[in-house]
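Data block below; observations after.
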Amino acid sequence: MSEPIRGILPVLQTPVAESGGFDIDSLARQIDFCIHAGAGGLVFPVLGSEFQYLSDRERQTTVEIVVKKTDNRIPVIAGVAGTNISTATEHAAHAQRVGADAVIAMPPYMGSGGVEENLRYFEAISSAGQLPIFIQNAGTGMSPAALIRLLAEVEHLIYVKEEAHPSAHHISAIVAEAGGHCQGVFGGAWCRWMISEMRRGASGFMPGAPVVDIHVDIYHAFQSGDENTARDLFDQLLPLTNMVQILGLRLVKEVLVRRGIFKTSGMRAPGSTQLDDEDHRELDAILAKLRPLFRTHQPAITEGVK
């Protein structure tokens, strides 16, 4: 790509039909919704997509659908993380073959390898995919120094999704020290510290998809120099952000249902929290406040609509 990736890169959620299979129509609606809302790229499949509960073939099939449906309108960043080098390189090579624009990966996610192991893992992804790489640094994560080393030594590794605690401090360190090895640091964790992270040099964010239009407006307000408007919008979004932190992806999918994008809030992840009546009442109140901020609207879904 001639220009660095910037802006709001929503993580697509995986729509699950009543049968337990994929709802491809809802996935297509989600892609169009994000593009119309002004997304700078699409990310799939990663943690917010329940990728660890998809088979390797399911992951590859849905990546192919996302690339085809996006149709070069904006970049597609394919999730290629694996429990080992073999799995990750298989997904990286597939992403390159089907036309993804970049890839994103955590270090091997069933164990906690050291820097040398992570270096070999990302070198293998780089060699297999020959695409720009985002490293996702989540949970306890790697130190900024370890990330800076990987950025310097791994070809094609040029972006960071930073959401290890304290993410804002890590972003400051990476921006200050990585120099030309890093073309952008992106925030995650549902944009909990969006304003602070932009002030520290974040190039964009990877939230979930349901309120991407509001995230885009916050980002553009800040980038245009209107921090007050950015903060006002951010403050209005915080109750939903807090609720997502508590209830997780089921709530994210429920908002997509309420916005006419998904047909169900079905999950692939076992044991996910079920929303009770009080959760729905709280969500009603939150969305009533947010609805005037929605710029992208979908018609109500009726059964059988394709």
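The values are calculated or read from the model by the stated rules, or taken from the named source; none is laboratory data. Predicted model, so just to flag it, every value in this text is computed and none were measured. No Cβ is skipped: glycine too gets one built from the backbone with ideal geometry, and neighbour counts run over all protein chains shown.
Could you pull out the residue among Ser127, Ser172 that is more than 22 Å from the chain's Cα centre (by Cα), modelled with pLDDT of 95 or more and of a type in the set (S, T, N, Q)? None of the other options fit; the residue is Ser127. Criterion applied to Ala95, Ala88 was being closer than 30 Å to His36 by Cβ and among the aliphatic types (A, V, I, L, M), and the one residue passing it is Ala95. Arg192 passes every criterion in (1) more than 16 Å from the chain's Cα centre (by Cα); (2) surrounded by fewer than 20 Cβ atoms within 10 Å (Cβ to Cβ) apart from (1).
Residues in the stretch 13-40 that are part of a loop (DSSP other than H, G, I, E, B) and surrounded by fewer than 23 Cβ atoms within 10 Å (Cβ to Cβ): Ala17, Glu18, Ser19, Gly20, Gly21, Asp23, Ala37, Gly38, Gly40.
Taken together, the residues in the stretch 69-107 that are in a loop (DSSP other than H, G, I, E, B) and within 20 Å of Leu12 (Cα to Cα) amount to 12.
Just one of the listed residues (Val185, Val255, Val216, Val244) is touching a residue at least 12 places away in the same chain (Cβ under 8 Å) and assigned to a strand (DSSP E or B), namely Val185. For the stretch 198-213, the tally of residues that are in a loop (DSSP other than H, G, I, E, B) and out of contact with any Lys or Arg (no Cβ under 7 Å at 6 or more places or on another chain) stands at 6.
Checking the conditions here, which among Ile195, Ile148 is out of contact with any Ser or Thr (no Cβ under 7 Å at 6 or more places or on another chain), within 30 Å of Lys253 (Cα to Cα) and assigned to a helix (DSSP H, G or I)? That would be Ile195, the only listed residue that is out of contact with any Ser or Thr (no Cβ under 7 Å at 6 or more places or on another chain), within 30 Å of Lys253 (Cα to Cα) and assigned to a helix (DSSP H, G or I). Could you list all residues from the stretch 266-288 that are farther than 15 Å from Val255 by Cβ and in a helix (DSSP H, G or I)? Result: Asp277, Glu278.
Residues that are outside any helix (DSSP H, G or I), touching a residue at least 40 places away in the same chain (Cβ under 8 Å) and closer than 24 Å to Gly201 by Cβ do not occur anywhere in the stretch 108-130.
Pull out all pairs, ordered by first then second residue, where Cβ-Cβ is under 7 Å, the residues are six or more apart or on different chains, the first lies in the stretch 55-72 and is in contact (Cβ under 8 Å) with a residue 60 or more places away in the chain, and the second is loosely packed, with under 13 Cβ neighbours inside 10 Å and not in a helix (DSSP H, G or I). The qualifying pairs do not exist here.
The set of residues in the stretch 121-171 being more than 21 Å from Arg199 (Cα to Cα), surrounded by 23 or more Cβ atoms within 10 Å (Cβ to Cβ) and hydroxyl-bearing (Ser, Thr, Tyr) consists of Tyr121 alone.
Within the stretch 226-241, the set of residues being assigned to a helix (DSSP H, G or I) and of a type outside the set (S, T, N, Q) comprises Glu227, Ala230, Arg231, Asp232, Leu233, Phe234, Asp235, Leu237, Leu238, Pro239, Leu240.
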